[in-house]
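K.L.:
Sharing a structure below in structure tokens format, with a few things to ask.
The values are calculated or read from the model by the stated rules, or taken from the named source; none is laboratory data. Fair warning: this is a prediction, and the values are worked out from it, not measured in the lab. Quick reminder, even Gly has a Cβ in these numbers, built from the backbone with ideal geometry, and neighbours come from all protein chains shown. These area figures cover heavy atoms from the full protein model, side chains too; ligands, DNA and RNA do not enter into them. Shrake-Rupley method; radii C 1.70, N 1.55, O 1.52, S 1.80 Å.
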Amino acid sequence: MLHPEPHPAEVLVLTRRFRLPNSASIETYLATQGYEAFRKALTMAPEDIIEEVKKSNLRGRGGAGFPTGLKWSFVPRQSPKPKYIVANADEGEPGTCKDRLLMQYDPHALLEGMLIAARAVGASAGYIYIRGEYRYLIEILDRAIEEARQHGFLGRNILGSGMDFEIYTHSGAGSYECGEETALLESLEGKRGVPRLRPPFPATSGAFGCPTVLNNVETFCAVPPIILHGGLAFANLGTPKNGGTRLFAISGHVNRPGVYELPMGFNLLRMIHEVAGGVRGGRKLKAVIPGGSSCPVLRAEECDLPMDFDSVARAGSMLGSGGVIVMDETTCMVRAAARILRFYAHESCGFCTPCREGTRWLSQILSRFHRGEGRREDIDLIAEIARNMLGRTFCPLGDAAAMPALSYVQKFREEFEAHLEGKPCPYEEVAVHA
Amino acid sequence: MKFSDETEARLQRLMASCPPGNKRSALVPMLLFIQDEVGAITPEVIQEVCSRLEVSPLEVEEVVSYYSMLRRKPAGRYHLQICTNISCMLVGGAELFEHACRKLGIGHQGVTEDGLFSLEEVECIGACCWGPALQVNYDYYHNVTPEAFDRLIEQLRRNHSGRSEP
Ligand SMILES: Cc1cc2nc3c(=O)[nH]c(=O)nc-3n(C[C@H](O)[C@H](O)[C@H](O)COP(=O)(O)O)c2cc1C
Ligand code: SF4
Ligand code: FES
């Protein structure tokens, strides 16, 4: 899955161990400053750890980009209940495959990040909630946990500090919605993945009703370098308010698809043309989804932009989970939209009406379009349904479906019109069932 | 029910990971781990899980119907899960799925008559940069062309007949 060499534009912070022999073993980890950040954290006051993470401008890599240090500071210092650390390893957003690499090549970094978080908020146990399909990674993580325990980094009275902490893996069983933080907690407690009303947020009432820090895998993996080299050093790698590097998974119509670690704010066109080797077959770029399938699509001419949370938001889309999906001029945008909405219709948990019905209608109308059975009024109907969903659903999955749907009809209206009146899809002889 | 030592050890570890008073927390992974050994969530499995975790059959049924990896009927010996979501679609995932249907003579969620193969069109499996991607049971296969798919099927057939010889 890795290219033999990193691309020269890459800045290796989280991925620096990936190409070492036995990179997942604790020996390799310890030989490369592994668990030194945690040792340092043990000498720091918990508030100072959080302060350092705040200074780093680290923002959540799971999709929403919430400042990590701030999130940790919401956990009540004094609590009669135990506190928990939960790593979100559900990685279900189409176009996203970077947490998988982090866990495969550097599982101890995740454990160390969780340990530091535990030290910062005073947590007693941690869970890695991992999608069921990633079974081989559960084996790798369980082995790493066992190694860490044998070396005294987990268990009771860790390194003589008086701190007790355990980490467990916890498997999902097939559900995109279980990546949403409150649905994840429901699943962790043995229930259907139906989200909870927020507030209260997990920081005050999370796993088992207890204060909980819940972060994405990559977010935790960024913590050891922040503690080791200081928050400022990490912040300076990126752009203002967007600290550090990020793992971008570049997929679709490029010559060298792959996961690349690049500084926050790296230009999207450079990412495609330089890092990922350009558009396949020398074709023209048509569109890019910048951060996983729930982000509004960008037209090629909108893609000259720095990839940080704020710049992509200003361009009307989202940096999301960092899954950059590249589409060349041969791509049928109606088909792309139909496939994406079919996914959201399938994954809607069905709890609230606008999402359950809206995703299904959108999926049906878009598929009909792609089969050449679209009607002119359907173009506006898609936009209307999507607008009626926005902001009216119980959890963000509804928006995650409505926002892209709206973007495809708004930005590629001409392609929808080209499918009208029984015209076959201009991009294919046979319309593939989308 | 009696399970292999390996599965039983897994279940014990899992139950030990639940906070006191929260046995139910083990439910989702427990069902999956047992299904991996038994092949499906049968009425016996539900009963077993109910007694281990002190939950009602209804609570288990609710969970089984929610999670897409949990199934009531066994899959084939080799369960082929082909991703057709957006990144894979762009590089031929849907065509690969159709090729697989033709090759095996079954459709989505079908099982071949000899029980050797089953097929499922799945959503993103976290292999977007290496599509078209599929999983055979839990093993990943990346950049799968129709030709590579045919070779894979032949290889799995050979593995199987090799194994069942006395
Ligand atoms: C439908 C849906 C699916 C999500 N899937 C994931 C996921 O697979 N992995 C993830 O880390 N975050 C996912 N999230 C975001 C989480 O809810 C949460 O914001 C995140 O895990 C918090 O961690 P962070 O602050 O480190 O990003 C999802 C959100 C939604 C609404
Ligand atoms: S928005 Fe969709 S996924 Fe979220 S609660 Fe409503 S139905 Fe469920
Ligand atoms: S879209 Fe196929 S693995 Fe992600």
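K.L.:
Obtain the nm distance between the two label points defined at residue A:20 and residue A:124 by a simple spin-label model: each point lies 7 Å from its Cα along the Cα-to-C-beta direction.
P.N.:
Going by the 7 Å Cα→Cβ label model, 3.4 nm.
K.L.:
Length gain on complete extension for the stretch residue B:108 to residue B:54, per 0.36 nm per residue less the alpha carbon to alpha carbon distance?
P.N.:
Length gained, residue B:108 through residue B:54: 15.9 nm.
K.L.:
Under a point spin-label approximation (7 Å from Cα along Cα-to-Cβ), what is the residue A:314-residue B:5 distance to one decimal in nm?
P.N.:
6.3 nm
K.L.:
Indicate the residues belonging to region A:1-23 that lose 30 Å² or more of solvent-accessible heavy-atom surface (probe 1.4 Å) upon moving from the chain alone to the assembly of all protein chains, ignoring ligands and nucleic acids.
P.N.:
Residues losing area: A:1.
K.L.:
No solvent, one uniform scatterer per C-alpha: report log10 I(q)/I(0) for the protein assembly as shown via the Debye equation at q = 0.07, 0.08 1/Å, two decimals.
P.N.:
Treating every Cα as an identical point scatterer, log10 I(q)/I(0) equals -0.41, -0.54.
K.L.:
Residue by residue, what Karplus-based ³J(HN,Hα) values in Hz, rounded to whole numbers, does region A:342-353 have, using 6.51, -1.76 and 1.60 with θ = phi - 60° and x for Gly and Pro?
P.N.:
Rounded to whole hertz, the list is 4, 4, 5, 5, 5, 8, 4, 6, x, 6, 10, 5.
K.L.:
Rounded to the nearest 0.05, what FRET efficiency is calculated for residue B:73 and residue A:381 with R0 set to 30 Å and r the Cβ-Cβ distance? It would help to have the intermediate numbers written out before the result.
P.N.:
On the way: r = 38 Å, r/R0 = 1.28.
For R0 = 30 Å, the calculated efficiency reads 0.20.
K.L.:
While we're here: Taking 0.36 nm per residue of sequence separation and subtracting the Cα-Cα distance, how much length would be gained by fully extending the chain between residue A:233 and residue A:273, in nm to one decimal? Don't skip to the answer; put the middle values down first.
P.N.:
Working: separation 40, 0.36 × 40 = 14.40 nm, distance 2.83 nm.
Gain in length upon complete extension: 11.6 nm.
K.L.:
In addition: Based on Cβ point charges of +1 for Lys and Arg and -1 for Asp and Glu, what charge dipole magnitude is obtained for chain A about its Cα centre, in debye rounded to the nearest 20?
P.N.:
Values: 49 positive and 50 negative charges, 81 e Å.
Dipole size: approximately 400 debye.
K.L.:
Report, to the nearest 10°, how far helix A:376-389 tilts away from the longest principal axis of the Cα atoms in chain A, using its own Cα long axis and a range of 0 to 90°.
P.N.:
20 degrees
K.L.:
Okay, next question. If packing is taken as the average number of other Cβ atoms within 10 Å across a peptide's residues, how do A:331-342, A:45-56 rank, most packed first? If you can, show how the numbers build up before the last one.
P.N.:
Numbers: A:331-342: 26.1, A:45-56: 19.0.
Order by mean packing, descending: A:331-342, A:45-56.
K.L.:
Sticking with this one: Counting helices only, and only those DSSP H runs with n ≥ 4, report the 222 nm mean residue ellipticity of chain A as the sum of -39,500 (n - 2.57) divided by its residues, in deg cm²/dmol to the nearest 500.
P.N.:
Values: 16 runs with 168 residues, N = 434.
Computed mean residue ellipticity for chain A: -11500 deg cm²/dmol.
K.L.:
Rounded to the nearest 100 Å², what is the buried accessible area between B and A, both sides summed, probe 1.4 Å? Could the numbers behind the result be given before it?
P.N.:
On the way: alone 9780 and 17200 Å², together 22610 Å².
So the buried area, both faces added, is about 4400 Å².
K.L.:
Could you give the spread of the C-alpha atoms of chain B along their three principal axes, from largest to smallest, in whole angstroms?
P.N.:
52, 44, 24
K.L.:
In addition: Write down the accessible area per residue of the protein assembly as shown in Å², having rolled a 1.4 Å probe over the full set of protein chains. Don't jump to the answer; show the numbers that get you there.
P.N.:
Details: 22610 Å² over 600 residues.
Per residue, the protein assembly as shown has 38 Å² of solvent-accessible surface.
K.L.:
Based on alpha-carbon atoms only, what is the radius of gyration of region A:26-235 relative to the globular estimate 2.2 N^0.38 Å? Each step should come with its number before you reach the end.
P.N.:
Values: Rg = 15.6 Å, N = 210, 2.2 N^0.38 = 16.8 Å.
Rounded to two decimals, the normalised Rg is 0.93.
K.L.:
Let me ask something else. In what sequence, highest mean first, do A:3-13, A:402-412, A:200-210 appear when ranked by Cβ atoms within 10 angstrom?
P.N.:
Working: A:3-13: 14.0, A:402-412: 22.5, A:200-210: 19.2.
Going by the mean number of other Cβ atoms within 10 Å, highest first, we get A:402-412, A:200-210, A:3-13.
K.L.:
For residue A:265, list long-range residues whose amide hydrogen, built 1.01 Å from N in the peptide plane, is under 5 Å from its own amide hydrogen.
P.N.:
Under 5 Å from the amide H of residue A:265: A:307, A:308.
K.L.:
Using a 1.4 Å probe over the heavy atoms of the protein chains, calculate the carbon and sulfur portion of the accessible area of region B:5-66 as a whole percent. If you can, show how the numbers build up before the last one.
P.N.:
On the way: 1430 of 2770 Å².
Of the solvent-accessible surface of region B:5-66, carbon and sulfur hold 52 percent.
K.L.:
Mind giving me the FRET efficiency for residue A:198 and residue A:33? R0 is 41 Å, r the Cβ-Cβ distance, nearest 0.05 is fine.
P.N.:
Details: r = 37 Å, r/R0 = 0.91.
Plugging the Cβ-Cβ distance into 1/(1 + (r/R0)^6) gives 0.65.
K.L.:
Among the lysines, select those whose C-alpha is under 26 Å from the C-alpha of residue B:73, and discard any that sit fewer than 8 residues away in the same chain.
P.N.:
Excluding near neighbours in sequence, the set is A:191, B:2, B:103.
K.L.:
When the accessible area of region A:26-235 is computed with all protein chains present and a 1.4 Å probe, what percentage of it is carbon and sulfur? Could the numbers behind the result be given before it?
P.N.:
Values: 3450 of 6440 Å².
Exposed carbon and sulfur together represent 54 percent of the surface.
K.L.:
Placing +1 on the Cβ of each Lys and Arg and -1 on the Cβ of each Asp and Glu in region A:1-153, which of A:29, A:116, A:145 has its Cα farthest towards the positive end of the resulting dipole?
P.N.:
Value computed over the given set: A:116.
K.L.:
Modelling each spin label as a point 7 Å along the Cα-to-Cβ direction, I'd like the residue A:329/residue B:22 distance in nm, to one decimal.
P.N.:
Between residue A:329 and residue B:22, the label points sit 5.6 nm apart.
K.L.:
What angle, in degrees between 0 and 90 and rounded to the nearest 10, separates the Cα long axis of helix A:107-121 from the longest principal axis of the Cα atoms of chain A?
P.N.:
70 degrees
K.L.:
Subtracting the Cα-Cα distance from 0.36 nm times the residue separation, let me have the gained length for residue A:256 to residue A:40 in nm, one decimal. Could you put the intermediate results ahead of the total?
P.N.:
Numbers: separation 216, 0.36 × 216 = 77.76 nm, distance 3.89 nm.
Gain on extension, residue A:256 to residue A:40, equals 73.9 nm.
K.L.:
For region A:333-431, what is the convex hull volume of its Cα atoms per residue in Å³? Each step should come with its number before you reach the end.
P.N.:
On the way: hull volume 7.3 nm³, N = 99.
Cα-based convex hull of region A:333-431, divided per residue, equals 74 Å³.
K.L.:
With N residues in region B:78-161, what two-decimal value do you get for its Cα radius of gyration over 2.2 N^0.38 Å? Each step should come with its number before you reach the end.
P.N.:
Numbers: Rg = 11.6 Å, N = 84, 2.2 N^0.38 = 11.8 Å.
For region B:78-161, the normalised Cα radius of gyration comes out at 0.98.
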